[in-house]
Every structure is written in structure tokens, then in C-alpha cells.
1. Here are some conditions: (1) open to solvent by 20 Å² or more (accessible area, probe 1.4 Å); (2) in contact with a helix residue (DSSP H, G or I) (Cβ under 8 Å, 6 or more places away or on another chain); (3) closer than 24 Å to THR376 by Cα. ILE479 meets all but one. Which one does it not meet?
2. Taking ALA158, is it modelled with pLDDT of 85 or more, more than 32 Å from the chain's Cα centre (by Cα) and over 25 Å from ARG510 (Cα atoms)?
3. Taking strands (runs of 3 or more DSSP E) that do not extend beyond the range 372-412, which have at least 2 residues that are small (Gly, Ala, Ser)?
4. Based on what the data block shows, is PRO438 out of contact with any helix residue (DSSP H, G or I) (no Cβ under 7 Å at 6 or more places or on another chain), open to solvent by less than 30 Å² (accessible area, probe 1.4 Å) and at pLDDT below 90?
5. Is at least one residue of the range 203-221 open to solvent by 10 Å² or more (accessible area, probe 1.4 Å), in contact (Cβ under 8 Å) with a residue 40 or more places away in the chain, closer than 21 Å to TYR456 by Cα and in a loop (DSSP other than H, G, I, E, B)?
6. If I go through the range 451-503 residue by residue, how many of them are at positive phi and under 21 Å from the mean Cα position of the chain (by Cα)?
7. Return the residues of the range 457-476 that are open to solvent by 10 Å² or more (accessible area, probe 1.4 Å) and more than 17 Å from THR416 (Cβ to Cβ); say none if nothing qualifies.
8. Hey, can you tell me all the residues within the range 286-301 that are surrounded by 23 or more Cβ atoms within 10 Å (Cβ to Cβ) and of a type outside the set (A, V, I, L, M)?
Amino acid sequence: MNCSISGEVPEEPVVSRNSGLLFEKRLIERHISDYGKCPITGEPLTMDDIVPIKTGKIVKPRPVQAASIPGMLGMFQNEWDGLMLSNFALEQQLHTARQELSHALYQHDAACRVIARLKKERDEARSLLAQAERQYPVSALNAPTANAPVLSNGKRAAEDEDLAPGAKKIHPGISSSIISELTDCNAALSQQRKKRQIPGTLAPIEALESYTQISSHPFHKTNKQGIISLDILYSKDLIATGGIDTNAVIFDRPSGQILSTLSGHSKKVLFHVKFVAQGESILTGSADKTVRLWQGSDDGNYNCRHILKDHTAEVQAVTVHATNNYFVTASLDGSWCFYELSSGTCLTQVFDTSGSSEGYTSAAFHPDGLILGTGTTESLVKIWDVKSQANVARFDGHAGPVTAISFSENGYFLATAAHDGVKLWDLRKLKNFRNFAPYDSETPTNSVEFDHSGSYLAIAGSDIRIYQVANVKSEWNCIKTFPDLSGTGKATCVKFGADSKYIAVGSMDRNLRIFGLPGEDAPTES
């Protein structure tokens, strides 16, 4: 009788009470411990159902080949031949694998050489294009632009839009007259800065320590909550917010009333909103790859005057020059554009000629207007000379995309925010002199902002923190910490009001929150 599992005569035979089948004891015990059922019938089976069978000692007969010396030699010969054949097959497989690896390495080396050559040709082409854009006569392109009709939906004239797919627009470049205007503005502002004094109306530290939430205003849609950016027009105390619902809202803080809602962007996030001059114009940048220029009207509403489509990826930042005649947009397509405000014309589009492919996530003009700071997706901060569009400095050390960038009013300090916190840079020595890591490694810092006097610094992440600005060697003390009252744990933007008399905060809910002294010019909650 043979075992029902192995098919051989069992050394320790046992039989199942349920099925009557014969098994080798060690085999059926292991099967029951693993599966708990009969291997033949599939019925439940336990060790209690197994009955041992007593038999005499079984002597297994030798196989025929092992019964004699010639038979054993033949058996050994067969095993040796099988081993040699197996070894030969393995050597063939090894040889084939070596040939395939050598071929793959050769292809990889050739591909690397081709990529390096293409990158070199691309960089040369970009450099030649940049030179051509600067040397192209401005009058030849500005003449049709000046007379081009502006449509009610903000689109430019048809001749500007009828470009072949994938074609690049030729930009006139920054003319010498514009450079002179920028230089004169820089000289005037630099001279004023030397005489600058802290205004006596600035809120003192003791007042900021007593700030609390004085109002909350639900502006944006409930199904697409989140305020991504905000800006304040100090002269009229107007606040503009940009939200995930694709709208921008203009809010009159003293009266607590919404003056206008700007609708038109098609993608989910309005990344940046900026007032221009005395609020006559507003700029908005969006994930739909466009920038819209809105013109104010006598009835208080804003109409879209231009839709700017020079970028090929999400527009992440908009910043206005101190002259209020020009502005810059920065995009994930790896370029920043310099525009003339009056015509909506892109004068130049600047790509990094070093060959890097990172996109821009933040941008800001230096208070004097001749320097532009940009943050990238690759944790770099780049400083540009606006006149020559040359990258004159780079700051590294951040972790994650640079989410915000802010220059101090004194012109010496630059604050940058990223996933690892905030870094402060001394622009005179081009080095990092202080770091703030207010949150844990899982919480990014979403916004950083100097107040208009350069006396305070605000940081927004899972909460809002206000620091007193000091010098390079002195400690920058944390004056006040405001909790994120939205319940989302993500404050996205922060801005000081005029003379720091209040602080405006946007979060990932739809409410704009105002922090200030209780009972002091607090509007009624909307």
C-alpha cells in the first residue's frame, strides 16, 4: 500500500478515519498544520482523525541500477553528463547576458552624447534668440501694437493671435528709453531710502502682541474653497484675494463690502493678484497659463482689458515695478516676462541660458526696481539684473520649491520661503545669515512678507508668526503667533495693512481673516 500524497510505501503509515486513505505520517501532519483539511477529498481534517497503523519494518529494495558496480557507474555517468549539460547552458546564458549588457551600455553612452550635443545647440539657439530680441527695433513692433484694437473680452487684435502652432512670438526687447526710466526711478528711490525714517504712525510691538482676529469674511465659493493669494492697496485700504474657485474678489475693508468679483480664468487656482498704482488696474495670474489685466471703471467694476498668453505653463507669480508702468510674470515654463502695462505688450521673455529646466514658483522686484528675485521648483533663488536680463546671483540651500520671496524696504535683506522654512539673505554680501524653521518637516512654509516699513516679518504655514526685524548679527525675535483658525492647518498668504495696523491672512477655507486690535476700525463680519 502506498501513501496517497507521495505515492511511495510509507515508513510510518497512518489512515484517516473519515476517508480511509493511507498517508505518510510526517507528510499528513505538515499538511494538516498548514491547511487543516484532507489533501485528497478536501474535507476538514485534524490530527485526532488520524489513526496510526502498526506494521513490520519495511526494507526498501535497491533500484536496479544500484544493484551492481557497472550499474552504479552508469548512473554516475548519467548524472555527470546532466551536470555538464546544465553548466554549458548556464555559460551560454552568461555570454548572451554579457553581450546584451555591452550593447545597452554602448547605446546609453551614445544617447548621452546626443543629449549633450542637443543641449549645447539649444543653449546656443537661446542665446542667439535673446540677442536678436534685444537688438530688434522697437518701433517696428510697437507701431501696430499702439493702434491695435482692444476687444471687450480682453483679447488682443487678431494679427497678434494668428500664430502657427508652436511658433514663438518675437518680442521687441527693453529699449534704451525704458532702461533710462528704470535707472532714474532707481536713483530717486535709492536717494529717498537714505533719508527714510520709520513712520511715527507705525503700530508698535506692544500693539502687535495684543492683536487678535477682529473679522472674518467668506468671499469665495464653498465647493472650491481656498484663498491662494492676496494684495492690499494701502491708499484706499482695499484688499484683493485670489482663490481656487478661479475668481478674484476686491474688498473694501473699512466698509466691509465686496466691491467687485473678477471672473474669467478657467483653471482651478488663481496664483497671484496685484494692485497697480492707485488701484486703477489689477493683475491676476492663473494655472490656465494666462495673465489678465483688469481696468477699473467709474462704477467701481473692473473689466478685462488684456489676456496675456506668452507663457506655456502655469503662471505662478506677478510683480509690479516701482514705476507702476511695467510688471513681470513668472511661470513653470522656466521663463519670466517683462511687460509694458499701458499696452499689455511683452517686451522680453527671459529663459535661463544655463540649461536648467526648472520652472519659477515666485518672483518679486527689489524696492529700487533694477533687481528681480525669482524662486524655482528646484529650491534655487535667482537674482536678475533687469536692464541686461542677466542672472547675477544664485542662492541655494532650500528644500522643495521656493514658495514665496520678499525684499525688505531697506533694500538689504531678502526673505525666501520653502518647504524647510524661511531663509534670510544679505544682498550686500550675497550670503545667508539666518534661518527660521517654525514648522515640522511635513509642514511647508507657504508665505513670507516684510511690512512696508521693513520693521516686521510675517511667516505663514500651519500658523502665522510675526518677527521683529533686526540686523545681521542681532536676534530676530518672534513677537506674536496667530493660530490658523480655518481648521485646515494651512495658512497660504499673509499681508500687513497700512502702518501694520492690521494683518490680513488667507487660508485653505474661503475666509479672509483680519487680525488687529479689538474695536479699532473693525468692520462688521460679512
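The values are calculated or read from the model by the stated rules, or taken from the named source; none is laboratory data. As the structure is a prediction and not an experimental result, all values here were calculated from the model. Methodologically, a virtual Cβ is constructed for each residue, glycine included, from the backbone with ideal geometry; neighbour enumeration extends over all protein chains shown. Side chains are part of the model used for accessible areas, which takes the heavy atoms of the whole protein and leaves out ligands, DNA and RNA. Shrake-Rupley method; radii C 1.70, N 1.55, O 1.52, S 1.80 Å.
1. Unmet condition: (3).
2. It is false that ALA158 is modelled with pLDDT of 85 or more, more than 32 Å from the chain's Cα centre (by Cα) and over 25 Å from ARG510 (Cα atoms).
3. Details: elements: 381-385, 390-395, 404-407.
Where strands (runs of 3 or more DSSP E) fall fully within the range 372-412 and carry at least 2 residues being small (Gly, Ala, Ser), they are 390-395, 404-407.
4. On the way: out of contact with any helix residue (DSSP H, G or I) (no Cβ under 7 Å at 6 or more places or on another chain): yes; open to solvent by less than 30 Å² (accessible area, probe 1.4 Å): yes; at pLDDT below 90: yes.
Judged against the criteria, PRO438 is a match.
5. Yes: the range 203-221 contains one or more residues that are open to solvent by 10 Å² or more (accessible area, probe 1.4 Å), in contact (Cβ under 8 Å) with a residue 40 or more places away in the chain, closer than 21 Å to TYR456 by Cα and in a loop (DSSP other than H, G, I, E, B).
6. Adding up the residues that qualify gives 1.
7. First, the residues of the range 457-476 that are open to solvent by 10 Å² or more (accessible area, probe 1.4 Å): 462-463, 465, 467-475.
Correct list: SER462, ASP463, GLN468, ALA470, ASN471, LYS473, SER474, GLU475.
8. SER286, ARG292, TRP294
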